[in-house]
Amino acid sequence: MSAAEGRPLRADAARNRARLLDVATEVFTTRGVGVPTEEIARTAGVGVGTLFRHFPTKEALLEAVMVRRLEEIAAQTARLAAETKPSQALFACFQLIVEQSAGKNEFVQALATAGVDAHAALQDSTEMIQGQLAALLGQAQRSGAVRTDFGLSELLALLAGTSTTMEHLEANPEARQRIFNVVFDGLRPH
């Protein structure tokens, strides 16, 4: 929808917005949030005016990218929960979230520097994912795949710590998989 008018975007405007988000997600994730908005617009094949009509500031673009990423994680988590055995779904979702968190801290820091409360802006999506994780954790515990003395707050802390750890191992897929194996072994009952 058009923010100013509360009506749906024209098809070409919706395509431009989606393309801008695709390009911004890729560029910010691979090259950092310092990439100028002009370069995002050029890479997306639109003018900078088009970018600013959809996202009036760079921070608005960063926030939209973060919200979109969290919504995609929520959708993928729901799909994994529906298609995977409870004994495996939590581990698959844990790995998905860690893999998708690349660059998240840089996004949050850039938003904070601009005076945007990223946690408030992302609250709805974050709560949705946390609800999904709570359900998956309960199912995994009932199936005997995960120890029962482990709660959601501990799982969230473990996700945050593992995500930070993985940032240091980006170029080493074998080491990344070893980290996942160690974490998952620790989650299983002894």
Per the charge dipole of segment 74-190 (beta-carbon charges, Lys/Arg positive, Asp/Glu negative, Cα centre), the residue among Q177, G138, L111 reaching farthest to the positive end is G138
In whole percent, and with a 1.4 Å probe on the protein chains, what portion of the accessible area of segment 5-104 is carbon and sulfur? 51 percent
To the nearest 10 degrees, how steeply does helix 152-167 sit against the main Cα axis of the chain, on a 0 to 90 scale? 60 degrees
Got a number for the accessible area of E99? Probe 1.4 Å, square angstrom, nearest 10. 80 Å²
Treating segment 7-131 as a set of equal point scatterers at the Cα positions, no solvent, please give the Debye-formula log₁₀ I(q)/I(0) at q = 0.17, 0.20 Å⁻¹. -0.91, -1.14
Mind checking which of R17, R68, R53 has the largest fluctuation in a GNM of the chain, springs on alpha carbons under 10 Å? R53
Calculate, for the chain, the solvent-accessible area per residue in square angstrom, rolling a 1.4 angstrom probe over the heavy atoms of the protein chains. 54 Å²
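Taking Cα pairs under 8 Å and at least six residues apart, what relative contact order does segment 12-58 come out at, in percent?
Dividing the mean separation by the residue count of segment 12-58 yields 37 percent.
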Accessible-area value, I129, 1.4 Å probe, nucleic acids and ligands omitted, Å²: 20 Å²
Give the relative contact order (percent, whole number) for the chain; include only Cα pairs under 8 Å separated by 6+ residues. 20 percent
Looking at the chain as a GNM with Cα springs under 10 Å, which of A64, A41, A171 has the largest mean-square fluctuation? A171
Among T77, T50, T25, residue whose mean-square fluctuation peaks in a GNM of the chain (springs only between Cα atoms under 10 Å): T50
Let me cross-check E59: its accessible surface, 1.4 Å probe, with only protein heavy atoms counted, in Å² to the nearest 10? 60 Å²
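The values are calculated or read from the model by the stated rules, or taken from the named source; none is laboratory data. No experiment lies behind these values; they were computed from the predicted model shown. Methodologically, a virtual Cβ is constructed for each residue, glycine included, from the backbone with ideal geometry; neighbour enumeration extends over all protein chains shown. Surface areas here come from the heavy atoms of the whole protein model, side chains and all, with no ligands, DNA or RNA. Shrake-Rupley method; radii C 1.70, N 1.55, O 1.52, S 1.80 Å.
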